[in-house]
Amino acid sequence: MEFAHTSVLLNETIEGLHIRPDGVYVDGTLGGGGHSAEIAKRLTRGRLIGIDQDDAAIAAAGKRLEKWNEKVTLVRNNYCNMPAVLKELGIDGADGIVLDLGVSSYQLDSEERGFSYRFDTALDMRMDRRQSLTARTIVNEYPELELYRIIRDYGEDKFAKNIAKHIVQARRIKPVETTGELNEIIKAAIPAKMREKGGHPSKRTYQAIRIACNRELEVLENSLDAFIDLLNPGGRLCIITFHSLEDRIVKSAFRKNENPCTCPPEFPVCVCGQKSKGKAITRKPILPAEEEMEHNPRSKSAKLRIFEKK
(Lines give C-alpha, C1' and ligand atoms only; values in the text may rest on other atoms or scores of the structure.)
Protein backbone atom coordinates (compact mmCIF):
# COMPACT_ATOMS: atom_id res chain seq x y z
CA MET A 1 0.00 0.00 0.00
CA GLU A 2 1.02 3.62 -0.51
CA PHE A 3 2.72 5.37 2.43
CA ALA A 4 -0.10 7.75 3.36
CA HIS A 5 0.19 9.92 6.44
CA THR A 6 -1.33 13.24 7.42
CA SER A 7 1.24 15.36 9.25
CA VAL A 8 -0.12 16.58 12.59
CA LEU A 9 0.30 20.21 13.74
CA LEU A 10 2.08 20.90 10.45
CA ASN A 11 1.66 24.69 10.27
CA GLU A 12 2.38 25.14 13.97
CA THR A 13 5.58 23.10 13.70
CA ILE A 14 6.86 24.92 10.62
CA GLU A 15 6.10 28.26 12.25
CA GLY A 16 7.84 27.10 15.44
CA LEU A 17 11.02 26.14 13.58
CA HIS A 18 11.56 29.74 12.35
CA ILE A 19 13.10 28.39 9.14
CA ARG A 20 16.04 30.27 7.62
CA PRO A 21 16.45 29.72 3.85
CA ASP A 22 20.17 28.95 4.31
CA GLY A 23 19.81 26.89 7.48
CA VAL A 24 20.39 23.22 8.27
CA TYR A 25 17.33 21.26 9.42
CA VAL A 26 16.82 17.69 10.58
CA ASP A 27 13.59 15.72 10.47
CA GLY A 28 14.34 12.85 12.85
CA THR A 29 11.07 11.02 12.15
CA LEU A 30 10.72 11.40 8.40
CA GLY A 31 7.58 9.28 7.93
CA GLY A 32 5.82 10.21 4.70
CA GLY A 33 7.85 13.42 4.43
CA GLY A 34 5.06 15.88 5.26
CA HIS A 35 7.07 18.09 7.62
CA SER A 36 10.18 17.66 5.47
CA ALA A 37 8.45 18.83 2.30
CA GLU A 38 7.33 22.03 4.01
CA ILE A 39 10.88 22.62 5.27
CA ALA A 40 12.54 21.83 1.92
CA LYS A 41 10.34 24.23 -0.08
CA ARG A 42 11.47 27.09 2.19
CA LEU A 43 15.20 26.44 1.70
CA THR A 44 17.44 28.18 -0.85
CA ARG A 45 21.05 27.39 0.07
CA GLY A 46 20.00 25.41 3.14
CA ARG A 47 20.01 21.66 3.73
CA LEU A 48 17.56 19.13 5.10
CA ILE A 49 18.52 15.78 6.63
CA GLY A 50 15.65 13.27 6.88
CA ILE A 51 16.07 10.29 9.21
CA ASP A 52 13.80 7.28 9.65
CA GLN A 53 14.36 3.66 10.65
CA ASP A 54 11.44 2.40 8.53
CA ASP A 55 12.50 1.41 5.00
CA ALA A 56 8.98 2.09 3.67
CA ALA A 57 9.16 5.66 5.01
CA ILE A 58 12.53 6.30 3.38
CA ALA A 59 11.21 5.04 0.02
CA ALA A 60 7.99 7.07 0.18
CA ALA A 61 9.66 10.27 1.39
CA GLY A 62 12.32 9.91 -1.30
CA LYS A 63 9.61 10.16 -3.97
CA ARG A 64 7.82 13.02 -2.23
CA LEU A 65 11.02 15.05 -1.81
CA GLU A 66 12.47 14.26 -5.25
CA LYS A 67 12.07 17.81 -6.57
CA TRP A 68 14.39 19.09 -3.77
CA ASN A 69 17.02 16.36 -4.19
CA GLU A 70 19.95 18.79 -4.21
CA LYS A 71 18.97 20.09 -0.75
CA VAL A 72 17.85 16.82 0.87
CA THR A 73 19.76 13.85 2.29
CA LEU A 74 17.81 10.81 3.54
CA VAL A 75 19.32 8.37 6.03
CA ARG A 76 17.83 5.10 7.29
CA ASN A 77 18.62 5.11 11.00
CA ASN A 78 17.10 5.61 14.42
CA TYR A 79 16.84 9.28 15.36
CA CYS A 80 18.83 8.56 18.54
CA ASN A 81 21.89 8.27 16.29
CA MET A 82 21.40 11.81 14.92
CA PRO A 83 24.72 13.18 16.28
CA ALA A 84 26.66 10.40 14.52
CA VAL A 85 24.64 10.82 11.31
CA LEU A 86 25.38 14.55 11.16
CA LYS A 87 29.05 14.00 11.96
CA GLU A 88 29.34 11.50 9.12
CA LEU A 89 27.77 14.08 6.77
CA GLY A 90 30.25 16.74 7.93
CA ILE A 91 27.58 18.83 9.65
CA ASP A 92 28.54 20.52 12.94
CA GLY A 93 25.12 21.76 14.03
CA ALA A 94 21.49 22.25 13.07
CA ASP A 95 19.25 25.32 12.98
CA GLY A 96 16.18 23.23 13.62
CA ILE A 97 15.20 19.67 14.55
CA VAL A 98 11.71 18.19 14.37
CA LEU A 99 10.41 14.93 15.85
CA ASP A 100 6.87 13.67 15.22
CA LEU A 101 6.60 10.73 17.62
CA GLY A 102 3.30 9.37 16.32
CA VAL A 103 2.96 6.01 14.60
CA SER A 104 2.27 6.77 10.93
CA SER A 105 -1.09 6.04 9.34
CA TYR A 106 0.78 3.75 6.93
CA GLN A 107 2.16 1.66 9.79
CA LEU A 108 -1.24 1.43 11.50
CA ASP A 109 -3.07 0.64 8.27
CA SER A 110 -0.55 -1.88 6.91
CA GLU A 111 -1.94 -5.25 7.92
CA GLU A 112 1.38 -7.09 7.70
CA ARG A 113 3.16 -4.71 10.11
CA GLY A 114 1.09 -5.97 13.06
CA PHE A 115 0.69 -2.55 14.72
CA SER A 116 -3.11 -2.59 14.75
CA TYR A 117 -5.69 -4.66 16.58
CA ARG A 118 -8.04 -4.12 13.62
CA PHE A 119 -6.43 -6.90 11.55
CA ASP A 120 -5.73 -10.56 12.25
CA THR A 121 -2.08 -10.87 11.32
CA ALA A 122 1.31 -11.92 12.69
CA LEU A 123 2.50 -10.11 15.82
CA ASP A 124 5.31 -7.77 14.75
CA MET A 125 5.18 -4.01 15.59
CA ARG A 126 8.79 -3.30 14.57
CA MET A 127 9.40 0.19 13.21
CA ASP A 128 12.79 -1.04 11.98
CA ARG A 129 12.30 -4.44 10.40
CA ARG A 130 16.03 -5.15 10.68
CA GLN A 131 15.77 -5.60 14.46
CA SER A 132 15.24 -9.07 15.91
CA LEU A 133 12.88 -8.17 18.78
CA THR A 134 9.20 -8.36 17.78
CA ALA A 135 5.88 -8.12 19.61
CA ARG A 136 5.65 -11.90 19.32
CA THR A 137 8.85 -12.29 21.36
CA ILE A 138 7.57 -9.96 24.08
CA VAL A 139 4.17 -11.67 24.32
CA ASN A 140 5.56 -15.22 24.36
CA GLU A 141 8.88 -14.91 26.21
CA TYR A 142 8.77 -12.02 28.69
CA PRO A 143 8.07 -13.01 32.32
CA GLU A 144 4.58 -12.27 33.64
CA LEU A 145 5.87 -9.55 35.98
CA GLU A 146 7.61 -7.76 33.10
CA LEU A 147 4.51 -7.98 30.91
CA TYR A 148 2.48 -6.52 33.77
CA ARG A 149 4.96 -3.65 34.18
CA ILE A 150 4.95 -2.87 30.42
CA ILE A 151 1.14 -2.86 30.15
CA ARG A 152 0.76 -0.89 33.39
CA ASP A 153 3.44 1.73 32.71
CA TYR A 154 3.33 2.12 28.92
CA GLY A 155 -0.36 1.37 28.37
CA GLU A 156 -1.63 2.85 31.64
CA ASP A 157 -4.21 0.05 31.68
CA LYS A 158 -5.84 -0.64 35.05
CA PHE A 159 -6.37 -4.27 34.04
CA ALA A 160 -2.64 -4.77 33.31
CA LYS A 161 -2.18 -7.48 35.97
CA ASN A 162 -5.06 -9.58 34.67
CA ILE A 163 -4.06 -9.10 31.03
CA ALA A 164 -0.49 -10.25 31.77
CA LYS A 165 -1.86 -13.25 33.70
CA HIS A 166 -4.16 -14.26 30.82
CA ILE A 167 -1.33 -13.93 28.26
CA VAL A 168 0.91 -16.25 30.30
CA GLN A 169 -1.92 -18.78 30.78
CA ALA A 170 -2.66 -18.80 27.04
CA ARG A 171 0.94 -19.20 25.92
CA ARG A 172 1.38 -22.25 28.21
CA ILE A 173 -1.07 -24.05 25.92
CA LYS A 174 0.38 -22.72 22.64
CA PRO A 175 2.41 -19.69 21.49
CA VAL A 176 0.42 -16.52 20.77
CA GLU A 177 1.10 -15.97 17.07
CA THR A 178 -1.38 -13.39 15.80
CA THR A 179 -3.05 -10.11 16.70
CA GLY A 180 -6.41 -11.90 16.54
CA GLU A 181 -5.32 -14.39 19.20
CA LEU A 182 -3.96 -11.58 21.39
CA ASN A 183 -7.23 -9.65 21.02
CA GLU A 184 -9.23 -12.61 22.33
CA ILE A 185 -6.87 -13.01 25.31
CA ILE A 186 -7.14 -9.31 26.23
CA LYS A 187 -10.92 -9.38 25.79
CA ALA A 188 -11.20 -12.31 28.22
CA ALA A 189 -9.05 -10.45 30.79
CA ILE A 190 -11.30 -7.36 30.95
CA PRO A 191 -14.73 -7.48 32.65
CA ALA A 192 -17.61 -7.31 30.16
CA LYS A 193 -19.02 -4.10 31.67
CA MET A 194 -15.66 -2.35 31.27
CA ARG A 195 -15.23 -3.53 27.66
CA GLU A 196 -18.20 -1.39 26.69
CA LYS A 197 -16.36 1.79 27.74
CA GLY A 198 -13.25 3.54 26.45
CA GLY A 199 -12.90 2.12 22.94
CA HIS A 200 -11.31 -1.15 21.85
CA PRO A 201 -10.12 -3.28 24.81
CA SER A 202 -6.78 -3.98 23.10
CA LYS A 203 -5.86 -0.33 22.48
CA ARG A 204 -3.76 0.28 25.59
CA THR A 205 -2.01 -3.09 25.53
CA TYR A 206 -1.01 -2.68 21.89
CA GLN A 207 0.39 0.78 22.64
CA ALA A 208 2.38 -0.68 25.54
CA ILE A 209 3.83 -3.60 23.56
CA ARG A 210 4.72 -1.31 20.63
CA ILE A 211 6.54 1.12 22.94
CA ALA A 212 8.47 -1.76 24.54
CA CYS A 213 9.28 -3.39 21.20
CA ASN A 214 10.77 -0.19 19.77
CA ARG A 215 12.22 1.14 23.08
CA GLU A 216 10.40 4.39 22.29
CA LEU A 217 10.51 6.10 25.68
CA GLU A 218 14.07 5.01 26.42
CA VAL A 219 15.28 6.30 23.05
CA LEU A 220 13.47 9.61 23.52
CA GLU A 221 14.72 10.20 27.06
CA ASN A 222 18.32 9.39 26.13
CA SER A 223 18.34 11.65 23.04
CA LEU A 224 16.94 15.04 24.03
CA ASP A 225 20.02 16.52 25.74
CA ALA A 226 22.17 15.58 22.73
CA PHE A 227 19.67 17.16 20.32
CA ILE A 228 19.74 20.45 22.23
CA ASP A 229 23.55 20.31 22.13
CA LEU A 230 23.37 19.85 18.33
CA LEU A 231 21.43 23.07 17.84
CA ASN A 232 23.19 26.21 16.65
CA PRO A 233 22.52 29.41 18.66
CA GLY A 234 18.89 30.39 18.07
CA GLY A 235 18.12 26.92 16.70
CA ARG A 236 14.87 25.25 17.70
CA LEU A 237 13.82 21.74 18.66
CA CYS A 238 10.14 20.97 17.91
CA ILE A 239 8.67 17.76 19.31
CA ILE A 240 5.17 16.39 18.76
CA THR A 241 4.07 13.79 21.32
CA PHE A 242 0.95 11.65 21.41
CA HIS A 243 0.61 10.44 25.00
CA SER A 244 1.34 11.65 28.48
CA LEU A 245 4.46 9.52 29.00
CA GLU A 246 6.23 11.10 26.00
CA ASP A 247 5.05 14.60 26.86
CA ARG A 248 6.30 14.23 30.43
CA ILE A 249 9.79 13.25 29.20
CA VAL A 250 9.95 16.21 26.79
CA LYS A 251 8.64 18.71 29.35
CA SER A 252 11.15 17.49 31.95
CA ALA A 253 14.11 17.62 29.53
CA PHE A 254 13.23 21.15 28.39
CA ARG A 255 12.91 22.32 32.00
CA LYS A 256 16.24 20.74 32.97
CA ASN A 257 18.08 22.29 30.02
CA GLU A 258 16.54 25.70 30.69
CA ASN A 259 17.35 25.65 34.40
CA PRO A 260 20.00 22.98 35.15
CA CYS A 261 21.13 24.50 38.46
CA THR A 262 21.39 21.83 41.18
CA CYS A 263 22.15 24.20 44.07
CA PRO A 264 19.85 24.08 47.13
CA PRO A 265 17.17 26.81 47.02
CA GLU A 266 18.64 28.52 50.10
CA PHE A 267 21.98 29.22 48.35
CA PRO A 268 22.23 32.99 47.59
CA VAL A 269 24.22 32.38 44.37
CA CYS A 270 24.73 29.41 42.06
CA VAL A 271 27.92 27.44 42.75
CA CYS A 272 27.23 24.25 40.75
CA GLY A 273 28.36 25.84 37.48
CA GLN A 274 25.49 24.43 35.43
CA LYS A 275 24.54 26.88 32.69
CA SER A 276 21.20 27.23 30.92
CA LYS A 277 21.25 25.99 27.31
CA GLY A 278 18.21 27.98 26.24
CA LYS A 279 14.51 28.27 26.94
CA ALA A 280 11.23 26.49 26.36
CA ILE A 281 9.21 28.61 23.93
CA THR A 282 6.05 26.74 24.90
CA ARG A 283 5.17 26.95 28.59
CA LYS A 284 2.07 24.97 27.74
CA PRO A 285 2.03 22.63 24.74
CA ILE A 286 0.45 23.72 21.46
CA LEU A 287 -2.64 21.63 20.67
CA PRO A 288 -4.35 20.96 17.33
CA ALA A 289 -7.17 23.30 16.32
CA GLU A 290 -10.74 22.00 16.33
CA GLU A 291 -10.73 21.89 12.52
CA GLU A 292 -7.64 19.65 12.44
CA MET A 293 -9.05 17.27 15.05
CA GLU A 294 -12.25 17.00 13.06
CA HIS A 295 -10.38 16.38 9.80
CA ASN A 296 -7.80 14.01 11.36
CA PRO A 297 -9.07 12.23 14.51
CA ARG A 298 -5.59 10.79 15.15
CA SER A 299 -4.38 14.31 15.94
CA LYS A 300 -6.58 14.63 19.04
CA SER A 301 -3.90 13.57 21.53
CA ALA A 302 -1.04 15.50 19.85
CA LYS A 303 1.00 18.10 21.75
CA LEU A 304 3.79 20.29 20.38
CA ARG A 305 6.61 21.64 22.59
CA ILE A 306 9.42 23.90 21.34
CA PHE A 307 12.86 24.64 22.82
CA GLU A 308 15.20 27.41 21.60
CA LYS A 309 18.98 27.17 22.03
CA LYS A 310 20.87 30.15 23.49
Legend entry - Geometric extent, Cα atoms of the chain - Rg, Dmax (angstrom): 20.8, 65
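Under 25 °C and 0.890 mPa s, how fast does the range 1-147 diffuse according to Stokes-Einstein, given a Kirkwood radius computed over C-alpha pairs? Answer in µm²/s, whole number. Each step should come with its number before you reach the end.
On the way: Rh = 16.4 Å.
Estimated diffusion coefficient is 150 µm²/s.
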Inset, instruction - Roll a 1.4 angstrom probe over the protein heavy atoms and tell me the percent of accessible area of the chain that is carbon or sulfur. - result: 49 percent
Inset, instruction - Please give, to one decimal in nm, the separation of the simple spin-label points placed at ASN11 and LYS63, each 7 Å out from Cα toward the Cβ. - result: 2.8 nm
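Between ARG255 and LYS174, what is the FRET efficiency for a Förster distance of 41 Å, r being their Cβ-Cβ separation, to the nearest 0.05?
0.30
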Legend entry - Cα-projected label distance for ASP55 with ASP92, points at 7 Å along beta-carbon direction, nm: 3.7 nm
Inset, instruction - Using R₀ = 41 Å, calculate the FRET efficiency as 1/(1 + (r/R₀)^6) where r is the Cβ-Cβ separation of ARG42 and ARG248; round to 0.05. - result: 0.85
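Given 0.36 nm per residue, what is the gain on full extension from THR73 to ASP22 after removing their alpha carbon distance, in nm?
Working: separation 51, 0.36 × 51 = 18.36 nm, distance 1.52 nm.
Roughly 16.8 nm would be gained on extension.
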Inset, instruction - Starting from the Cα of GLU266, step 7 Å along the direction of its Cβ; do the same at ASP120; then give the gap between the two resulting points in nm. - result: 6.7 nm
Inset, instruction - Before rounding to the nearest 500, sum -39500 (n - 2.57) across all DSSP H runs of length at least 4 in the chain and divide by the residue total; then give [θ] at 222 nm in deg cm²/dmol. - result: -12500 deg cm²/dmol
Inset, instruction - Any chance you could list P(r) for the range 159-250, counting all Cα-Cα pairs in 10 angstrom bins from zero, rounded to whole %? - result: 13, 35, 25, 15, 9, 2
Legend entry - Per-residue HN-Hα couplings for the range 299-304 [Karplus 6.51, -1.76, 1.60; θ = phi - 60°; Hz; x = Gly/Pro]: 7, 4, 9, 6, 9, 10
Inset, instruction - Report ³J(HN,Hα) in whole Hz for each residue of the range 73-78, in order, from the Karplus equation J = 6.51 cos²θ - 1.76 cosθ + 1.60 where θ = phi - 60°; Gly and Pro get x. - result: 10, 9, 10, 8, 6, 7
Legend entry - Residue-normalised accessible area of the range 127-270, given per residue in Å² at a 1.4 Å probe: 51 Å²
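The values are calculated or read from the model by the stated rules, or taken from the named source; none is laboratory data. All values derive from a computational prediction rather than experimental measurement. Heads up, the Cβs are rebuilt from the backbone with ideal geometry, glycines too, and the neighbour counts pull from every protein chain shown. Only protein heavy atoms, including side chains, enter the accessible area calculation; ligands, DNA and RNA are left aside. Shrake-Rupley method; radii C 1.70, N 1.55, O 1.52, S 1.80 Å.
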